[in-house]
Every structure is written in structure tokens, then in C-alpha cells.
Amino acid sequence: ATHLTTVSATTTTIIITAFLTSPPRTILKIRTPITKTSSTTTTLSLSTPTSTANISSSTIIMSASAQQLRTDLLKIIGENPGGHQDAKVRASFASKLQAYSKADGADASDVIFAIGKSVFGVELDSPTPAKKATDDLPIVDFDYMKQFMKQVFLSYGVSPDRAETCSDVLIEADKRGIDSHGLGRLKPIYCDRMDNGILWPDRPIDIVTESETTALVDGNLGLGLYIGPHCMQMAIDKAKKYGVGFVACRNSTHYGIAGYYATMATEQGCIGLTGTNARPSIAPTFGVEPMLGTNPLVFGIPTSDEYPFVIDCATSVNQRGKIEKYAREGVETPRGAVIDDKGIERTDTEGILRDMVLGKCALTPMGGAGDKMGGYKGYGWATTVELLCIALQSGPWGEDICGLDRATGKPKPMPLGHFFLAIDIEKICPVDTFKKNTGEFLAALRASKKAPTGPGRIWTAGEPENDARTERTGQGGMKVNVPLQKNMQALRDNRPGLKEKYGKLPFE
């Protein structure tokens, strides 16, 4: 039967667990200091609601009254472990829960409502969904945004065809929900670096060596956003002719989301693989010095689904772009993603970004610091990518691609290496057979038994990005937060010709 368990207490903490019907599922745990006032009485000292379990994936704007009501509800639970059997306690809980459900900012997904229904028998109309920090943000059409970014690149002297490619790579990130690599990168990564003279808008792409199936390309420190697509298409063209194509690149720059290039391959009937190094950010296992880039290792595989299987992620727990996104949102970095030179795991986002520039803290590899959770695996994969980006290219690494002259504090170029591999499926088996085989297996993964405490769904790589595309297309485009609005306004006001084209931006 549904019930509230007996309180389990120690001299320092108290844990209250609510269970739903069989099989039991823990839906609330509260740890809070207690003070023993007698042999039979326990006094709770509950902290603010943020110390309790609250299932929510978005920042909630909650009024002070809602916060107080939620605290009162938790206090009723904590002080009355058998309260669901007491009519007065149930009435008090019901009254406050009713008030909380109508309070400004109450979260409809808050576990407190599940406790009210399952434990105290309080039936309420669905509360008004909580207001999220993103609810009032303006939505900008994808075509408008892509055209804006293209005009920005044109204002720097990028040729029209390359400006089209650059803007396509960036808008694709926003369509896929990868906000850390779309519009958010336009000004700080590309425009500011062109302004600082460490990245050039329209450099030639030179072929250093080439065979039927391979090539080494020099990007001459041009925009990686057009160098990357050029190299991937070279690899695909070679694969279509000879079965396999591999292109290594040197003296490139940040090339956007790596998944863009894997998807180029899948759209042309190929398996795609790409990787890039980056300024040193990851510390080796058992180290604290940033030595490796976030170094994504990315695969793209065609399937019978409406979207390909594309696994696009860094070899670190988090990447710098995600931490920059945390900064724009004003939230802390999750613990375990960053370690400083004293071995301390950091969560202060702004301080992390500052100290990463100074080389005083580093990202941890997939698996985290040390080896208890397999951090050496992420470290090994990051090293693999680094090797494939410097060994064939005789390229720089570490401090030579950190982007900052430590002696003067001035920015300096970051010559990056990439690699691109394409395998033509038709040279091995019919592409439709391949897609059928991959599609059936991926469908089986998604249909496999779900965790009873999970979200009730299993995803495969590429599916979350497809979900984001569907949602954002349905809402009419992408939401633009205030920092990005300011970036767009600064570019509009300072780049030649943009003021005339964009006198009033959609959010103005």
C-alpha cells in the first residue's frame, strides 16, 4: 500500500522517504540537521527548498510566497512522519498544497504534488505550469537568423559562397538544440578573433599532398566553418570513387559542430568520422594541467529512421562552450566537470572561465577525475584524437594552440588540426540493406526495457537533436536570450552595412 515510511534519524541527519505503489519508488529524500531535545522529541531544522529533491530540468522563476509555502509543506512532512493518518495534519497539508498550486511560479512537475496525491490523498486540479526563465524570450525564425549571420560574415570580407556555408554550419547547431555552438559562437569565437587578427576571413585552401584515397590540406588559418565542409566533401568524393576517403587538415580554426560533417557523409550514403583538436582544456587522468583539447570523436551512420545515428560529443565531461552557456544562463557548472590546479572540483562558472584562460583549471575527461569512474577511458580517447590531429599534420599542440600569449596577455592564432573519413556503403553492401539493419537494431534499443525510475523513454544518438529540430521548427524558430541579443545588436551597430539592413531586430 502507498505509505510514508517511519522516520530514520541520527544525531546529525534525518531522511524521509515517500514510496509509491508497488514496486516502491523513492520520490523524495530530505537530509537536514536535527537537534535532540529529549529522548522522545526530535526537532527538524529544514533548510531552503533548494536542499531537497525537486525534479525539474529548467530554471524556475518562483515567487517568495511559493517558496515559503513549499518550505511549509516540507516542514509538515518532516515533523509529522505519520501525518497522513492524522486528519488535522492532512487538512493542514491540503490547505497549503492548494495555496502552493495557485502561487506564482509553482512547478507543476514538483514531486510535492505526487506526495500530496499518493501519501496524503490530496486531489488537486493540475497547477498552472511553472514559469521558466526561457518562457518570455523572443523566437527568431531560422531563415532570418541564418541570413543575419551570413551578412555578418560578408561584412568581414568572406566570399558569398563561403559565407553561406559558414552560416549554415552555425544555424544547424541551433536547429539541433546545440546552443553552445550556434549563434552563441558567432561573435566571441569568429568575429572577435577576426577583429583581433588571429583568424582570417577568406584564406585559400591548399592541398599539400594527395592520393586517390587520401589528402593533406592546409587551411592557412581561415575560417574552419568553410574549411571543414571542403575537407569532408573531399573525403566523400574520394570514397564514392574508391570506397574510402581520408583527409587530414592543418592550420585550420574552430570548425563548429563536428556532427555537421558526419551528417554530410550520411546524407550521401557514407559512414562518416571526424575529429578535431582544440586549445588545451582537459587534464590527463591524475593530472591537473590542461594538456588536451575537448577533442570530439564523431561518427555518423545512415539508418532507416528519419534521422541518422550521429554521436557528436566531446571527450571531456563538459566542453568550454557548455560552460560559456552556463555563464549566459547564470547557473553553476555541475560538480565533477572541472578541476583546478589544487585538485579541487570547481562549480563557480565565471571563475572557471577566467581560470581556464589563465591555465589554472582544467576540464575532466569523460569518466571524471581519477580512475574510479573510468576517467582514463575519456583521457585515452582525447589523446587518440589529438594524435590524429597533430601527427599527420606535424601540427602544434598544448600552449602553442592556447590562443593567448602568456608573456603579453595578447591573443594569438590557434592553428588546429582536423581529420575526416568517409566510407561508401554501396561499395560493401546495398545502402538500403545497411539502413534496414541499423534501423532495426536502433529500434530494438529504444524498445528495450525502461528503468522504472527513469523518464520512460530510451534515446539513440541523433534522436535528441531531431526532437529539438522538430520542437523548434514547430515554435517558429530559436529563442534568443539577452546576452545573444546584445551580441547581435553590437554586430549590427558596428559592422559596415548591417545597420541599414537590420535597423530593427525582431526582439527590439
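The values are calculated or read from the model by the stated rules, or taken from the named source; none is laboratory data. Nothing here was measured: the structure is a model prediction, and the numbers come from that model. All Cβ positions, even for glycine, are placed from backbone atoms using ideal geometry, and neighbour counts span all protein chains on display. Ligands, DNA and RNA are stripped out before the accessible areas are found, and what is left, the full protein with its side chains, is counted by its heavy atoms. Shrake-Rupley method; radii C 1.70, N 1.55, O 1.52, S 1.80 Å.
Figures for the structure shown
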{"quantity": "Of Leu124, Cys191, Met232, farthest towards positive along the dipole that unit charges on Lys, Arg, Asp, Glu beta carbons give the stretch 120-256", "calculated": "Met232"}
{"quantity": "C-alpha center-to-center spacing [the stretch 400-468, the stretch 328-368] in angstrom", "calculated": "24"}
{"quantity": "Cubic angstrom per residue, convex hull over Cα atoms of the stretch 287-387", "calculated": "113"}
{"quantity": "Area of Glu123 that stays accessible when all protein chains are in place (1.4 Å probe, Å², to 10)", "calculated": "130"}
{"quantity": "Over the stretch 228-331, volume per residue of the alpha carbon convex hull, in Å³", "calculated": "136"}
{"quantity": "Distance (nanometres) between label positions extended 7 Å along Cα→Cβ at Cys313 and Trp459", "calculated": "1.0"}
{"quantity": "For the stretch 167-313, projected area of the alpha-carbon convex hull averaged over all directions, nm²", "calculated": "10.1"}
{"quantity": "Gain in span if fully extended, Asp432 to Asp348, counting 0.36 nm per residue against the direct Cα distance", "calculated": "25.3 nm"}
{"quantity": "By average C-beta atoms within 10 angstrom, highest first, the peptides 443-456, 148-161, 461-474", "calculated": "148-161, 461-474, 443-456"}
{"quantity": "Rg over Rh [alpha-carbon atoms, Kirkwood Rh] for the stretch 448-497", "calculated": "1.27"}
{"quantity": "Packing-based order for 409-418, 201-210, using average beta carbon neighbours within 10 Å, highest first", "calculated": "409-418, 201-210"}
{"quantity": "Estimated FRET transfer efficiency when R0 is 56 angstrom, pair Asp467-Ala407 (beta carbons, to 0.05)", "calculated": "0.75"}
{"quantity": "Potential extension, Lys102-Asp371 segment - 0.36 nm per residue separation minus Cα distance", "calculated": "92.0 nm"}
{"quantity": "Protection-proxy order for peptides 279-285, 240-246, each taking the mean of Cβ atoms within 10 Å per residue, highest first", "calculated": "279-285, 240-246"}
{"quantity": "Portion, in percent, of the accessible area of the stretch 375-508 that falls on carbon or sulfur, probe 1.4 Å", "calculated": "58"}
{"quantity": "Two-site FRET efficiency, Lys88 against Leu445, from Cβ-Cβ distance with R₀ of 56 Å, rounded to 0.05", "calculated": "0.65"}
{"quantity": "Heavy-atom surface of the stretch 268-426, accessible at 1.4 Å and reported per residue (Å²)", "calculated": "44"}
{"quantity": "Values of log10 I(q)/I(0), in the order q = 0.13, 0.14, 0.16 Å⁻¹, for the stretch 275-342 under a Debye, Cα-only, solvent-free model", "calculated": "-0.48, -0.55, -0.67"}
{"quantity": "Of Lys322/Lys499; Lys342/Lys372; Lys146/Lys187; Lys325/Lys449; Lys96/Lys450, those spanning more than 25 Å from alpha-carbon to alpha-carbon", "calculated": "Lys322/Lys499; Lys325/Lys449; Lys96/Lys450"}
{"quantity": "Taking only Cα atoms of the stretch 413-471, radius of gyration then Dmax in Å", "calculated": "17.2, 50"}
{"quantity": "Gain in span if fully extended, Lys240 to Phe507, counting 0.36 nm per residue against the direct Cα distance", "calculated": "91.6 nm"}
{"quantity": "Cα convex hull volume per residue for the stretch 371-508 (Å³)", "calculated": "307"}
{"quantity": "Carbon + sulfur, % of accessible area of the stretch 138-205 - ligands and nucleic acids excluded, 1.4 Å", "calculated": "45"}
{"quantity": "Backbone N under 15 Å from the Val331 label point (7 Å along Cα→Cβ), restricted to the stretch 347-371", "calculated": "347-350"}
